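The values are calculated or read from the model by the stated rules, or taken from the named source; none is laboratory data. Computed from a prediction, not measured in an experiment: that's the story for all the values here. Positions of Cβ are generated from backbone atoms using ideal geometry, with glycine treated the same way; all protein chains shown enter the neighbour counts. The accessibility values were calculated without ligands, DNA or RNA, using every heavy atom of the protein model including side chains. Shrake-Rupley method; radii C 1.70, N 1.55, O 1.52, S 1.80 Å.
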Amino acid sequence: MIPASLHYHRARDLTEALELRRAYGDQLRPLAGGQSLLPALKLRRDRVDTLLDLGRVTELSYVAHRDNHLAVGALTRYHRLLGDPLVDRYAPLLAVAAAAVGDPQVRHLGTVGGALAQADPAADLPLALVALDAVVVLRSATGARTVPAAELAVAPGVTVCRPDELVTEIRVPLPGPARWRYLTFARPALEWSVVAVAVADSRVALAGMGPTIRRAYGVEAALAEGAGVTVAAARADEGCDPPDDVRASAAYRRHLSRVLVARALTDSGSTAEEPR
């Protein structure tokens, strides 16, 4: 299908992008890699009045070591995370999560900031960022603020980003985790995860277990109290509200979350990726 009629702007730099964001507010939708938004527009599952193309804002594409954190520009594409020496050294969990996304074409177009702004509760990269305790920089024409990655999304497709703000940077605290693991379970290849889990030291995050990506605080509390893996993993679905849909029942997702968390905790420290 063909998208409905809309207005189109292509920003030349971040300053222009932020000015357009301020001028149009809720009527404007940012376009980064377009791997989620463009198919939705073509199928007319989503409509926008004005589209802001960020493809030329190259100043937001970078990976850098800054003081006490690893900085990743919002327009950094997934494939950049694969083999980047700084990512390999400080946050290899990010590379593993990026490798789990789609296929090479998707990974060469999709962006880190776009994945966060899309607020999909089953997304791979935001899951890893939540487990890494990352923070997200939201910038407007008048200033900037930071929001924990775990608090950015409030519902599927909805974030705390204000109408005049753009996601501009992601900051991963250093030093990175000494022990980590990423596991995902999907039905056919290239489909969204039914459930996925990311472990970074004592932090555990879950995708596919509610309207947003969740920290498994029950598991973390059990580990802090000295519980073993089996006891801690049994609390994986506490506070979760998993969907009951064509991919899996809510009960199966709860069971799967406990299984995957137990495996991830047992195997954390390994860099091998679980087969999809």
So, of the residues in the stretch 241-266 that are in contact with a helix residue (DSSP H, G or I) (Cβ under 7 Å, 6 or more places away or on another chain), without any contact (Cβ under 8 Å) to a residue 40 or more places away in the chain and assigned to a helix (DSSP H, G or I), which turns out to be nearest to L206 (Cα to Cα)?
-> R258
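Take the conditions at pLDDT below 95 and either out of contact with any Asp or Glu (no Cβ under 7 Å at 6 or more places or on another chain) or open to solvent by 80 Å² or more (accessible area, probe 1.4 Å) (or both) and apply them to L52. Does it pass? Spell out how you get there, then give the answer.
Working: at pLDDT below 95: yes; either out of contact with any Asp or Glu (no Cβ under 7 Å at 6 or more places or on another chain) or open to solvent by 80 Å² or more (accessible area, probe 1.4 Å) (or both): yes.
Spelling it out, L52 is indeed at pLDDT below 95 and either out of contact with any Asp or Glu (no Cβ under 7 Å at 6 or more places or on another chain) or open to solvent by 80 Å² or more (accessible area, probe 1.4 Å) (or both).
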Name, by its number, the condition in (1) touching an Asp or Glu at 6+ places or on another chain (Cβ under 7 Å); (2) surrounded by fewer than 21 Cβ atoms within 10 Å (Cβ to Cβ); (3) not in a strand (DSSP E or B) that does not hold for R107.
-> (1)
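Tell me the residue from L86, L109, L138 that is among the hydrophobic types (A, V, I, L, M, F, W, C) and at pLDDT below 95, please.
Details: L86 fails: at pLDDT below 95; L138 fails: at pLDDT below 95.
Every option except L109 fails the conditions.
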Strands (runs of 3 or more DSSP E) lying entirely in the stretch 144-186 (those with 1 or more residues that are in contact with a Gly (Cβ under 8 Å, 6 or more places away or on another chain) and surrounded by 17 or more Cβ atoms within 10 Å (Cβ to Cβ)) | 166-173, 180-185
G83 versus (1) out of contact with any Phe, Trp or Tyr (no Cβ under 9 Å at 6 or more places or on another chain); (2) farther than 16 Å from R171 by Cβ; (3) of a type in the set (G, A, S); (4) open to solvent by less than 30 Å² (accessible area, probe 1.4 Å): which is the lone unmet condition?
-> (4)
Among the residues listed as A115, A97, A64, A71, the single one being open to solvent by less than 50 Å² (accessible area, probe 1.4 Å), at pLDDT 90 or above, under 28 Å from A216 (Cα atoms) and in a strand (DSSP E or B) | A71
With (1) in contact with a Leu (Cβ under 8 Å, 6 or more places away or on another chain); (2) part of a loop (DSSP other than H, G, I, E, B); (3) at negative phi as the list, and L51 as the residue in question, which single condition is left unmet?
-> (2)
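Looking at R247, R253, R214, R203, which one is open to solvent by 60 Å² or more (accessible area, probe 1.4 Å) and either touching a His at 6+ places or on another chain (Cβ under 9 Å) or among the charged types (D, E, K, R) (or both)? Before you say what the answer is, go through the steps one by one.
Working: R253 fails: open to solvent by 60 Å² or more (accessible area, probe 1.4 Å); R214 fails: open to solvent by 60 Å² or more (accessible area, probe 1.4 Å); R203 fails: open to solvent by 60 Å² or more (accessible area, probe 1.4 Å).
So the residue among R247, R253, R214, R203 that is open to solvent by 60 Å² or more (accessible area, probe 1.4 Å) and either touching a His at 6+ places or on another chain (Cβ under 9 Å) or among the charged types (D, E, K, R) (or both) is R247.
Counting only residues that are aliphatic (A, V, I, L, M), within 24 Å of V172 (Cα to Cα) and touching a strand residue (DSSP E or B) at 6+ places or on another chain (Cβ under 8 Å), how many does the stretch 32-73 have?
Counting residues in the stretch 32-73 that are aliphatic (A, V, I, L, M), within 24 Å of V172 (Cα to Cα) and touching a strand residue (DSSP E or B) at 6+ places or on another chain (Cβ under 8 Å) gives 8.
Restricting attention to the stretch 217-240, which residues are touching a residue at least 12 places away in the same chain (Cβ under 8 Å), acidic (D, E) and either over 20 Å from T266 (Cβ atoms) or surrounded by fewer than 24 Cβ atoms within 10 Å (Cβ to Cβ) (or both)?
First pass over the stretch 217-240, keeping only residues touching a residue at least 12 places away in the same chain (Cβ under 8 Å): 217-224, 229-230, 232-240.
From what is left, the residues that are acidic (D, E) are 220, 237-238.
Result: E220, E238.
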